[in-house]
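First up is the structure itself, then whatever we jot down about it.
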Amino acid sequence: MRIAEIAAAAKSASIRLAAVKTDVKNKALAEIAAALKARTGEIVKANEKDLADAEKNGLAAPLLKRLKFDENKIADVCAGIESLIKLDDPVGKTISATELDEELRLYKVSCPIGVIGVVFESRPDALVQISMLCLKSGNAVLLKGGSEAQHTNRILAEIITQAGQTAGLPEGWIQLLQTRQDVAEMLALDEYIDLIIPRGSNDFVRYIMDNTNIVVLGHAEGICHVYIDGDADPDMAVNIAVDSKCQYVAVCNAAETMLVDEKIAEAFLPKVKTILEQKGVELRGCEKTKSIIDVKPAAEEDWSAEYLDYILSIKVVAGLDEAIEHINRYGSGHTDTIVTSDKDKADRFMELVDSANVFWNCSTRFSDGFRYGLGAEVGISTNKIHARGPVGLEGLVIYKWKLLGTGQIVADYSGSGGKKFTHKKLDA
């Protein structure tokens, strides 16, 4: 089937899916979780083939870790589906209600976006999370995962499709694209596709944005910072810095640069260096950092690098204002955290750092839809319209205006003698 036909089928399905009741959607989610558990062995076998092929092709170790989809990860995504079932349906909620005049009432009501195209990295768990969020929010979805995960993605899409049909979902609501050419063709289908969410490198996201008329939501890079303030608790600062960098290096919310207040640098840097190097992290530092600890020199490009690996750049700064200036200049607007015992400094940091997620005394790794209680996420957006930060259910709905009248016409409200609008707010 041609991509245009696939997209047209998804558009048709999206119209029917938008009207599917909450209990049917939740039943489908439960059926899908049960099917994933029942066919765990098949999924793992497919994933082992992908892993073997990826190792032969020299895929980097952090990316192999992303690709692995074993029994534990399957259990995790099923737990995520079960938590998603418990969340409120975001569709059909009355956001506001206004009386324009007697028996003329206007309602702002949430509704699905329609058809969403998602191009994502080689993480099979992302396929499950994205499709389940689209299902709960009433959206049809076109999915293109990394070629390294082709066998795993294929069986996951098959399981989700079959279980969804058993539960009564419209046929065609989920579609799996196979090739890069499919993606190129998808970008031209603005008559069928309402939103594209790309997850990948900066160059890839820019390519998507430059080659489509479809609205694009997402982030190009995750250049995240940990700022260690002069008033930070040293032990807390070490724990947060190490977790932000090392807990999972190959993800967009892992820290790539650590900024350290010069007031604490001489005491803090040797301590954190020991633990980071024990974790296998290569450190690159500015001249001030190098004068305190033995590290590789940091080049200008390091400050804007998303390593997704065991590499961390370090810069000693004069204080809070220089840290904020550095983050706003080199960061990607994703996630940045300050470690300090001074609430006023923390407030200033969170007000002035121009990022989707700003934290105080906690790891950047908390920037995640599941950890935020959103069920999961289709990605993290650094956009400043519609949705920002982890995009869960609420980021996958828009709204429509519903006006209920009893025969009113605009002519009655025109001219000097026309009727007046009451514009009275009603309980939603």
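Values for this structure:
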| read-out | value |
| --- | --- |
| Number of the exception - Ile130 against (1) modelled with pLDDT under 95; (2) in a loop (DSSP other than H, G, I, E, B) | (2) |
| Of all residues making up the stretch 387-403, the number that are within 10 Å of the chain's Cα centre (by Cα) and in a strand (DSSP E or B) | 2 |
| Residue within the stretch 370-377 that is on the phi > 0 side of the Ramachandran plot, modelled with pLDDT of 95 or more and either buried (at least 22 other Cβ atoms within 10 Å of the Cβ) or not assigned by TED's automatic domain parsing to the domain that holds Asn253 (or both) present | no |
| Lone qualifier among Leu169, Leu100 - being among the hydrophobic types (A, V, I, L, M, F, W, C), modelled with pLDDT of 95 or more and either on the phi > 0 side of the Ramachandran plot or part of a strand (DSSP E or B) (or both) | Leu100 |
| Candidates Gly164, Gly200 - the one that is within 16 Å of Gly146 (Cα to Cα), among the small types (Gly, Ala, Ser) and in the same structural domain as Ala33 (by TED's automatic domain parsing) | Gly200 |
| Residue in the stretch 322-357 that is surrounded by the fewest Cβ atoms within 10 Å (Cβ to Cβ), counting only those that are closer than 21 Å to Ala267 by Cα and out of contact with any Cys (no Cβ under 9 Å at 6 or more places or on another chain) | Ser341 |
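Okay, residues lined up against (1) surrounded by fewer than 17 Cβ atoms within 10 Å (Cβ to Cβ); (2) within 19 Å of the chain's Cα centre (by Cα); (3) at pLDDT below 95:
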position	(1), (2), (3)
Asp23	yes, no, no
Ile32	no, no, no
Ala52	yes, no, no
Ala60	yes, no, yes
Ile74	no, no, no
Ser122	no, yes, yes
Asp125	no, yes, yes
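For every residue, the table says whether it meets (1) touching a residue at least 40 places away in the same chain (Cβ under 8 Å); (2) more than 19 Å from Ile113 (Cα to Cα); (3) in contact with a helix residue (DSSP H, G or I) (Cβ under 7 Å, 6 or more places away or on another chain); (4) among the charged types (D, E, K, R).
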| residue | (1), (2), (3), (4) |
| --- | --- |
| Glu5 | no, yes, no, yes |
| Ala13 | yes, no, no, no |
| Ala18 | yes, no, no, no |
| Glu31 | yes, yes, yes, yes |
| Arg39 | yes, yes, yes, yes |
| Lys45 | no, yes, no, yes |
| Leu51 | no, yes, yes, no |
| Leu59 | yes, yes, yes, no |
| Leu64 | no, yes, yes, no |
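The values are calculated or read from the model by the stated rules, or taken from the named source; none is laboratory data. Keep in mind that this is a model prediction, so the values were computed, not measured. All Cβ positions, even for glycine, are placed from backbone atoms using ideal geometry, and neighbour counts span all protein chains on display.
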